[in-house]
Amino acid sequence: MRHFQWLCLLGAFVTCVPVMAQDSTAAPRHPEKDIVHSLFGRSREDLFCNYLKVSRGERAIFLEALTQYEAEKDPYIQERIALLKVYNEKYTSLDEPMMNSLTKNIIRNDKEFVALQTRFYRRMINLLGGTRAAMFFQLDNYLELSTRLYIQDDLPFIKELESDRKLAVARMKANIN
């Protein structure tokens, strides 16, 4: 069931519309926001505003900057999801050159994303001050990591690692109980 949910989210992420949408005129959705909401019970905007203690006077300009950051971040997320989709669909038949290409593209995507964060960090310092700008990116990285882990949990591991992963998960579950 969880794999099916992930594929629906992945499909929505790649196409910007729900996979199971009945109405083709439905408004585009942003699955990353859906994942954040399902994991934390709040919107990204609420999480940021509350965590950073954004005042009413700062709120409009902060939300404008957050919206711009999210819009500029979206292509990197879209590309990462597309690369993961290729991996997920073809992992049993990936050859060395294709695996190398996927890995290089994911690393390049990560580097470009960090460059975007660096650029917006300067903007957030001007808007929020140094401490809250650092808090902004701490929360952003936490949400990104949580989303990545949620998605990663359903991706198959490369060849032999899959059996090792299953054993490790079973051991962790046994230790928790």
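At a glance:
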item	result
Matching residues, segment 48-71, being among the aliphatic types (A, V, I, L, M) and open to solvent by 50 Å² or more (accessible area, probe 1.4 Å)	60, 61, 71
Residue list for segment 34-46, restricted to those being in a helix (DSSP H, G or I) and open to solvent by 30 Å² or more (accessible area, probe 1.4 Å)	34, 37, 38, 39, 40, 45, 46
Considering residues of segment 87-121 that are of a type outside the set (S, T, N, Q) and over 22 Å from the mean Cα position of the chain (by Cα) only, the residue most open to solvent (accessible area, probe 1.4 Å)	96
Evaluation of residue 77 against (1) surrounded by 17 or more Cβ atoms within 10 Å (Cβ to Cβ); (2) at pLDDT 95 or above (one fails), failing number	(2)
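The values are calculated or read from the model by the stated rules, or taken from the named source; none is laboratory data. All of these numbers come straight from a predicted model, not from anything done at the bench. Heads up, the Cβs are rebuilt from the backbone with ideal geometry, glycines too, and the neighbour counts pull from every protein chain shown. To get the accessible areas, we keep the full protein, side chains included, count just its heavy atoms, and leave off ligands, DNA and RNA. Shrake-Rupley method; radii C 1.70, N 1.55, O 1.52, S 1.80 Å.
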